[in-house]
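What follows draws every value from the coordinates through simple rules; no lab data is involved. On a predicted model such as this, the values are computed, not experimentally measured, just so you know.
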Amino acid sequence: GASVFVKGEAADAAFILVDGRVVLPEIGATLHPGDLFGEMALFTTDGRRMASAVCVTDVRLLFISYEEFEQHYFQNPEFGLYLVRLIVRRFDTNYREALGVAAAGQAAISERAAEAGAVGRLEQDRVN
């Protein structure tokens with residue numbers, strides 16, 4: 001499918017999915033109508049996309065420039081609170097997933113080390 005944006009690109013807007021489906025392949029997320037996406041890059045230090053957005057079906061999107069985003073944030077406290085909650089939830093989810101991946105990786109390393117230790121003990125027994 002067509003890309004809405006690609007990981008690493010400079011960001012100047014966020015999007016609202018009106019119709020269709022979009023996936024964020026790097027994080028395994030599927031977006032549905034009504035979802036806001038692409039907003040996090042507007043607030044990062046380097047302003048770059050942290051994931052790609054790829055259309056799975058034909059889509060219809062609303063485009064919100066950074067300037068419009070900022071204007072809504074300051075003029076509408078409800079929007080500002082919604083945005084803060086959304087970003088914190090996304091960071092929390094990403095953080096928890098990263099911890100799970102790190103824990104799984106550590107468990108695999110420990111398992112391999114234990115297996116290697118058992119093989120080493122068997123070979124030492126053969127020598128004696």
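Return the sequence-ordered ³J(HN,Hα) values of the stretch 11-24 in whole Hz as given by the Karplus equation 6.51 cos²θ - 1.76 cosθ + 1.60 applied to θ = phi - 60°, using x for Gly and Pro.
Per residue, the Karplus-derived 3J(HN,Hα) values read 9, 10, 7, 10, 9, 10, 7, 8, 9, x, 9, 10, 10, 10 Hz.
Taking H placed 1.01 Å from N in the peptide plane, check which residues at least 5 places from residue 4 or on another chain put their amide H under 5 Å from its amide H.
Residues meeting the criterion, in which the H sits 1.01 Å from N, are 53, 54, 55.
Report, by chain and number, residues whose modeled amide H sits under 5 Å from the one on residue 61, excluding near sequence neighbours (fewer than 5 apart, same chain).
Result for residue 61 returns 18.
Using θ = phi - 60° and the Karplus relation 6.51 cos²θ - 1.76 cosθ + 1.60, list the HN-Hα couplings for the stretch 82-89 in order, rounded to whole Hz, with x at every Gly or Pro.
Using θ = phi - 60°, the values come out as 4, 5, 4, 4, 4, 5, 5, 4 Hz.
For the stretch 1-80, just run the numbers: alpha carbon Rg, then divide by 2.2 N^0.38 Å, N being how many residues it has.
1.07
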